1. State which residue pairs qualify: first residue touching a residue at least 24 places away in the same chain (Cβ under 8 Å) and over 14 Å from V123 (Cα atoms) and inside the stretch 52-70, second residue part of a strand (DSSP E or B) and among the aromatic types (F, W, Y) in any location, beta carbons under 6 Å apart, and separation of 6 or more residues or different chains.
2. Please determine whether any residue of the stretch 63-76 is touching a helix residue (DSSP H, G or I) at 6+ places or on another chain (Cβ under 7 Å), closer than 30 Å to D167 by Cα and among the charged types (D, E, K, R).
3. Considering only the stretch 169-190, I want to know if a residue exists there that is assigned to a strand (DSSP E or B) and touching a residue at least 24 places away in the same chain (Cβ under 8 Å).
4. Please work out which one of (1) surrounded by fewer than 18 Cβ atoms within 10 Å (Cβ to Cβ); (2) in contact with a helix residue (DSSP H, G or I) (Cβ under 8 Å, 6 or more places away or on another chain) is the condition R166 fails and give its number.
5. Could you check, for the stretch 54-75, whether at least one of its residues is within 16 Å of G207 (Cα to Cα), assigned to a helix (DSSP H, G or I) and not charged (D, E, K, R)?
6. Only one of L35, L77 is out of contact with any Lys or Arg (no Cβ under 8 Å at 6 or more places or on another chain) and at pLDDT below 95. Can you tell me which?
7. Restricting the search to the stretch 80-90, which residues are crowded, with 20+ Cβ neighbours inside 10 Å and of a type in the set (A, V, I, L, M, F, W, C)?
8. Would you check which residues across the stretch 144-167 are within 10 Å of G131 (Cβ to Cβ), not in a strand (DSSP E or B) and not charged (D, E, K, R) and list them?
Amino acid sequence: MSLDIETLDSVGAVRKRPGMYLGSVDDPLLATRMLVEGFCVARDEALVGACTRISVELEAGGAATIRDDGPGLPVSLHQSGKPFAEVLMTVLFACRDAKCHTVNPETLCTLGLAVLNAVCSNVELTVWRDGFRWTQSYAAGAPTTPFTRNEASAEHGTRLRFTFDRDLLGPVEFVTPWLLDWIKTNAASLRFEVSDTRTAERFSLPGG
C-alpha cells in the first residue's frame, strides 16, 4: 500500500487548515486579532527604545495599513540566503526568534507576521533602513516580487499594507472598539494613531 504524503510549506500549512492556527474563521474579531499580529516587531522594538509610534489605517473589506517609526525590518541576508525581512514574512514564528527584548516571545507574538501574511490576498511591505527604501509584494503569503532596494532615503521604519483573503476567511471587518481596548492593555508604551476610514473617525492613544 502506498501513501501520498502532502508536504506543506509555512504558508501552505496555514492556508490549508486556517482553523488550526486562527481558531474559528467565523469569529467576528478574527480580522482585528490578526491585525495586531502586525504590531509584534514594533512592540519588541519599543521595549528596547527603538520604536515610539505606530499609525494604523482601517478600511472596509479587511484592508489595513500599519506604519511604525522603528529601525525597519532587517534587510541583511539570513542564513537561508534570503533577506531577513522576507524570512520574517514567510516562515512561521520566525519573528519570535528575532526578538531583541528578553520578554517571553509569545507575549509579543502570538501567531506572527508569517501567519498574518498567509491569510491575506495581498501584502505590500515597505522597509526604510540602512539609507534606502526596500520593497516586496506578496500574494496568498508567497513573494510575487524580489526584495528590492529602491531610492536612497533617510527615513526609518516599516509599513505593511494588506487585505485579508475573503475566499479563505469569508467576510471580514475590523472592530475598532476592541482594537482600541487591546492597544490600551497591551501596547501602552507606544503612541498609536488609528484612522478608521469607514467612519472617518480618528483616535490618538498617547504612549508612555
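The values are calculated or read from the model by the stated rules, or taken from the named source; none is laboratory data. What you see is a predicted model; the values in this text were computed from it and never measured. Note that we place each Cβ from the backbone using ideal geometry, even for glycine, and neighbour counts take in every protein chain shown.
1. I54/F192
2. For the stretch 63-76, residues touching a helix residue (DSSP H, G or I) at 6+ places or on another chain (Cβ under 7 Å), closer than 30 Å to D167 by Cα and among the charged types (D, E, K, R): present.
3. No, the stretch 169-190 contains no residue that is assigned to a strand (DSSP E or B) and touching a residue at least 24 places away in the same chain (Cβ under 8 Å).
4. Of (1) surrounded by fewer than 18 Cβ atoms within 10 Å (Cβ to Cβ); (2) in contact with a helix residue (DSSP H, G or I) (Cβ under 8 Å, 6 or more places away or on another chain), only one is false for R166: (2).
5. Within the stretch 54-75 (the criterion being within 16 Å of G207 (Cα to Cα), assigned to a helix (DSSP H, G or I) and not charged (D, E, K, R)), the answer is no, since none of the residues qualifies.
6. Answer to the check: L77.
7. Quick first cut of the stretch 80-90, residues crowded, with 20+ Cβ neighbours inside 10 Å only: 83, 85-90.
Listed by number, the residues that qualify are A85, V87, L88, M89.
8. Of everything in the stretch 144-167, those that are within 10 Å of G131 (Cβ to Cβ), not in a strand (DSSP E or B) and not charged (D, E, K, R) turn out to be S153, A154, H156.
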